[in-house]
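Colleague: Structure incoming, see below.
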Number of protein chains: 2
Amino acid sequence: MDIKEAIGIRKPDIERELLKSFEIVRDERLRNAMSHLPSAGGKILRPALAMISADAIKKGEGKRALAFGISLEIIHNFTLVHDDIMDNDDLRRGVPTVHKVFDNATAINAGDAMFALAFNVLSGLDVEHSVLREILADISSMVIGIAEGQQMDMDFEERTDIAPEEYLEMIEKKTALMFINGAKNGARIASAPPEVYEKMAEYGRYMGLAFQIWDDFLDLTADEKTLGKPVGSDIRNGKKTLMVVYALQRLEGPDRERFLSILGNQKASDDEVKEAIELMKKVGAIQDAESLALDYADRAKRALEVLDDSEEKEALLDLVDYVIRRKY
Amino acid sequence: MDIKEAIGIRKPDIERELLKSFEIVRDERLRNAMSHLPSAGGKILRPALAMISADAIKKGEGKRALAFGISLEIIHNFTLVHDDIMDNDDLRRGVPTVHKVFDNATAINAGDAMFALAFNVLSGLDVEHSVLREILADISSMVIGIAEGQQMDMDFEERTDIAPEEYLEMIEKKTALMFINGAKNGARIASAPPEVYEKMAEYGRYMGLAFQIWDDFLDLTADEKTLGKPVGSDIRNGKKTLMVVYALQRLEGPDRERFLSILGNQKASDDEVKEAIELMKKVGAIQDAESLALDYADRAKRALEVLDDSEEKEALLDLVDYVIRRKY
């Protein structure tokens, strides 16, 4: 079974339970602000991953991982609501962001309430009490880690001397932690033993790292029609992607000066953006990032060797291919 | 034992564990932003209440409620960090607010991480698993309620037709929920039976309501020297306190017009503020709010009849007197 089908058959349950979870919020304006982004339709990749991982351990256990998946999706959405305020972004999933539709104060408050709601959903998880305690520790540590990743990302904006290891730590925290938790705790809810769920965590980690690097890679290498936005918008925004980190580490003299003069220049012409991309290629920055993403994808797949064959295992393998091939 | 002494003997443990909890945060800038407000020294009323309530059930159980109290204090501080951004306040506890020392984005992010930290501390709570699950549900519902209260408070800014019941619902959520949870779950951690911890919740509820009404009452009735700020600053800020809600409900014709012209006028003279206060007195708004606070204080004390005599019970009774007598 491919990942698209595996997500598709779980989608009705996920969307129904996700929207139902907001019903306990009585204040209408707050509830509307909270459900604005989840209602705009996301890829629901994280709850699907949790459910597929559970079913991969034992067919039928996916439903027991549904509440956990919902809490992950709510946390994912809450971080986006707050990130959009921090980055002052206007659009998300094709609709205006929460702080644009409402206001900053309501968006901060709605994000906080979403985070609380995620833990409220977790409190009803159908698992052994000791597992609940471990998942609670995992999820709360995860959100601290996501905040650390966000802080690193913001600090990187001012820096041109970022080490690749720092960059990888940042995306591991900001992006991969959610996939680590989805795969690992989905398996744990299905009573996987530690040696199995730790391998699932490894799968989530490498898949998440590949996902983020590939996301940034596409921005430089896909065509505008496929991307749905101008090629190289990350360059104009001065985003410190792995390719940029490599380039800043390797470029010297006038090449480095020239690259820095284009990076972060919102008014850079298409030719200048192309020039920056050529400079990155000249020092192997794009090629090496691509290789690393492919290497991570391989490692993610190898981690799945711990699983017996099943259509869910197939879907998890296909998810890795989706992550490094997807076109927007 | 009076409340001051009861808090004092628990203060070293609370402050040590509170600051220690931030050590798991590795990002230095984020950790500093998170610990900024807790390090500025608060009244630590909420963790003390949890511990004293536990000790009132069974002497010595307070220490087991310490982690729970710490999580409450972190949540209290996280809501203040975010509230200060929403209200654009510059000072808190005599020091610049987190978003002033750092920036809005860091303060939003730090607040999120503090909230996550509170749940991380909760995950290590030394209680039966079923109690942990119930406390997790309680605390997450509490934060949703606090966000609803904050939303109501913001919505009230635009309104002049607030019913007293709406106002009381708002402060129950925004202020009293923390005291309800501190008293109730402190008792539950000490293995109090439901009929006892529900009475403790009632104590926390009435004490919290009295606390907030009295806070607003003092702003109009204490002298400037005692308050440490100008008398009636709530009037100039247009804050919808219970006194203002009563006044808006009862004043008619030119009196109401006049009152509305002063309310929320930052440039109102001292004489105008006095005039507004006189108008409130004319319709019994201040007297009725005072009576209600005193009535709630009585109810809080009566709820404590469920407890056997102890010095902790004395301290909890004294806390009620502190709440309705305190001068800043």
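The values are calculated or read from the model by the stated rules, or taken from the named source; none is laboratory data. What you see is a predicted model; the values in this text were computed from it and never measured. Positions of Cβ are backbone-derived with ideal geometry, glycine not excepted, and every protein chain shown enters the neighbour counts.
Colleague: For A:Ile189, are the conditions met, namely being farther than 19 Å from A:Ala50 by Cα and surrounded by 17 or more Cβ atoms within 10 Å (Cβ to Cβ)?
Modeller: Against the criterion (farther than 19 Å from A:Ala50 by Cα and surrounded by 17 or more Cβ atoms within 10 Å (Cβ to Cβ)), A:Ile189 does not qualify.
Colleague: Would it be correct to say that B:Asp161 is within 13 Å of chain A (Cβ to nearest Cβ) and either of a type in the set (Val, Ile, Thr) or more than 13 Å from the chain's Cα centre (by Cα) (or both)?
Modeller: Answer is no for this residue.
Colleague: Sticking with this one: Please tell me if A:Leu209 is part of a helix (DSSP H, G or I), buried (at least 24 other Cβ atoms within 10 Å of the Cβ) and modelled with pLDDT of 95 or more.
Modeller: yes
Colleague: Kindly check whether there is at least one residue in the stretch A:70-86 that is out of contact with any Cys (no Cβ under 6 Å at 6 or more places or on another chain) and either among the hydroxyl-bearing types (Ser, Thr, Tyr) or outside any helix (DSSP H, G or I) (or both).
Modeller: Yes, because at least one residue in the stretch A:70-86 is out of contact with any Cys (no Cβ under 6 Å at 6 or more places or on another chain) and either among the hydroxyl-bearing types (Ser, Thr, Tyr) or outside any helix (DSSP H, G or I) (or both).
Colleague: Another question, if that's okay. Looking at the stretch B:43-64, can you tell me whether even one residue there is among the aliphatic types (A, V, I, L, M) and in contact with a strand residue (DSSP E or B) (Cβ under 9 Å, 6 or more places away or on another chain)?
Modeller: Looking for residues that are among the aliphatic types (A, V, I, L, M) and in contact with a strand residue (DSSP E or B) (Cβ under 9 Å, 6 or more places away or on another chain), one finds none in the stretch B:43-64, hence no.
Colleague: Search the stretch B:70-93 for residues being of a type in the set (Asp, Glu) and either in contact (Cβ under 8 Å) with a residue 60 or more places away in the chain or within 9 Å of another protein chain (Cβ to nearest Cβ) (or both), and hand back the single one that is nearest to B:Ile44 (Cα to Cα).
Modeller: Restricting to residues being of a type in the set (Asp, Glu) and either in contact (Cβ under 8 Å) with a residue 60 or more places away in the chain or within 9 Å of another protein chain (Cβ to nearest Cβ) (or both), the top hit is B:Asp83.
Colleague: I want to confirm something. Restricting to the stretch B:94-113 and keeping residues that are facing chain A (nearest Cβ under 8 Å) and small (Gly, Ala, Ser), which single residue is nearest to B:Met34 (Cα to Cα)?
Modeller: The residue in question is B:Ala110.
Let's see how each residue does on (1) of a type in the set (A, V, I, L, M, F, W, C); (2) farther than 21 Å from A:Lys301 by Cα:
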residue	(1), (2)
A:Tyr197	no, no
A:Ala201	yes, no
A:Tyr206	no, no
A:Gln212	no, no
A:Ser233	no, yes
A:Arg236	no, yes
A:Lys240	no, yes
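Colleague: Among the candidates B:Ala187, B:Ala183, B:Ala192, B:Ala222, single out the residue that is in contact (Cβ under 8 Å) with a residue 24 or more places away in the chain, of a type in the set (A, V, I, L, M) and more than 22 Å from B:His129 (Cα to Cα).
Modeller: After ruling out the rest, the residue left standing is B:Ala222.
Colleague: Going residue by residue through the stretch A:177-184, is there one that turns out to be in contact with an Asp or Glu (Cβ under 9 Å, 6 or more places away or on another chain), under 22 Å from A:Gly264 (Cβ atoms) and among the small types (Gly, Ala, Ser)?
Modeller: No: the stretch A:177-184 contains no residue that is in contact with an Asp or Glu (Cβ under 9 Å, 6 or more places away or on another chain), under 22 Å from A:Gly264 (Cβ atoms) and among the small types (Gly, Ala, Ser).
Colleague: Please count how many residues of the stretch B:144-158 are over 21 Å from A:Ser35 (Cα atoms) and either aliphatic (A, V, I, L, M) or modelled with pLDDT of 95 or more (or both).
Modeller: 1
Colleague: Consider A:Ala201 carefully, then state whether it is touching a residue at least 24 places away in the same chain (Cβ under 8 Å) and either surrounded by fewer than 20 Cβ atoms within 10 Å (Cβ to Cβ) or of a type outside the set (Ser, Thr, Tyr) (or both).
Modeller: Here the answer is no, as A:Ala201 does not meet what is asked.
Colleague: What's the total number of residues in the stretch A:5-31 that are part of a helix (DSSP H, G or I) and without any contact (Cβ under 8 Å) to a residue 40 or more places away in the chain?
Modeller: The total comes to 11.
Colleague: Among the residues of the stretch B:212-228, which ones are assigned to a helix (DSSP H, G or I) and hydrophobic (A, V, I, L, M, F, W, C)?
Modeller: Correct list: B:Ile213, B:Trp214, B:Phe217, B:Leu218, B:Leu220, B:Leu227.
Colleague: Looking only at the stretch B:134-156, which residues are within 7 Å of another protein chain (Cβ to nearest Cβ) and over 12 Å from A:Leu117 (Cβ atoms)?
Modeller: B:Leu136, B:Gln150, B:Gln151, B:Met152, B:Met154, B:Asp155
Colleague: Return the residues of the stretch A:32-44 that are outside any loop (DSSP other than H, G, I, E, B) and under 23 Å from A:Tyr322 (Cβ atoms); say none if nothing qualifies.
Modeller: Passing the criteria: A:Leu37, A:Pro38.
Colleague: Could you tell me which numbered condition B:Glu23 fails, if it satisfies all but one of (1) within 13 Å of chain A (Cβ to nearest Cβ); (2) of a type in the set (Asp, Glu); (3) touching a Leu at 6+ places or on another chain (Cβ under 9 Å)?
Modeller: (3)
Colleague: Next up: Of (1) of a type in the set (Gly, Ala, Ser); (2) buried (at least 24 other Cβ atoms within 10 Å of the Cβ); (3) within 13 Å of another protein chain (Cβ to nearest Cβ), B:Ala67 satisfies all except one. Which?
Modeller: (2)
Colleague: I'm told A:Lys199 meets every condition in (1) within 14 Å of chain B (Cβ to nearest Cβ); (2) over 18 Å from A:Ile74 (Cβ atoms); (3) over 16 Å from the mean Cα position of the chain (by Cα); (4) part of a helix (DSSP H, G or I) except one. Can you identify the failing condition by its number?
Modeller: With respect to (1) within 14 Å of chain B (Cβ to nearest Cβ); (2) over 18 Å from A:Ile74 (Cβ atoms); (3) over 16 Å from the mean Cα position of the chain (by Cα); (4) part of a helix (DSSP H, G or I), A:Lys199 is out only on (1).
Colleague: Follow-up. Inside the stretch A:32-42, can you point out the residues that are more than 12 Å from every other protein chain (Cβ to nearest Cβ) and either out of contact with any helix residue (DSSP H, G or I) (no Cβ under 8 Å at 6 or more places or on another chain) or without any contact (Cβ under 8 Å) to a residue 12 or more places away in the chain (or both)?
Modeller: A:Ala40, A:Gly41
Colleague: Within the stretch B:139-150, can you find the residues that are more than 16 Å from the chain's Cα centre (by Cα) and buried (at least 19 other Cβ atoms within 10 Å of the Cβ)?
Modeller: The answer is B:Ser140, and nothing else.
Yes/no matrix, rows are residues, columns are (1) surrounded by 18 or more Cβ atoms within 10 Å (Cβ to Cβ); (2) touching a Cys at 6+ places or on another chain (Cβ under 8 Å); (3) modelled with pLDDT under 95:
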| residue | (1), (2), (3) |
| --- | --- |
| B:Leu220 | yes, no, yes |
| B:Leu227 | no, no, yes |
| B:Gly232 | yes, no, yes |
| B:Lys239 | no, no, yes |
| B:Val245 | yes, no, no |
| B:Met280 | yes, no, no |
| B:Asp298 | no, no, no |
| B:Glu311 | no, no, no |
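Colleague: Okay, moving on. Does the stretch B:45-56 contain any residue that is within 14 Å of chain A (Cβ to nearest Cβ), buried (at least 19 other Cβ atoms within 10 Å of the Cβ) and modelled with pLDDT of 95 or more?
Modeller: So far as the stretch B:45-56 goes, no, none of its residues is within 14 Å of chain A (Cβ to nearest Cβ), buried (at least 19 other Cβ atoms within 10 Å of the Cβ) and modelled with pLDDT of 95 or more.
Colleague: Do any helices (runs of 4 or more DSSP H) lying entirely in the stretch A:238-311 carry at least 1 residues that are over 25 Å from the mean Cα position of the chain (by Cα), and which ones are they?
Modeller: Because the criterion is at least 1 residues that are over 25 Å from the mean Cα position of the chain (by Cα), the helices (runs of 4 or more DSSP H) in the stretch A:238-311 that meet it are A:242-250, A:253-262, A:270-282.
Colleague: Shifting gears a bit: Mind counting the residues in the stretch A:114-133 that are within 16 Å of A:Ser39 (Cα to Cα) and facing chain B (nearest Cβ under 7 Å)?
Modeller: The qualifying residues number 1.
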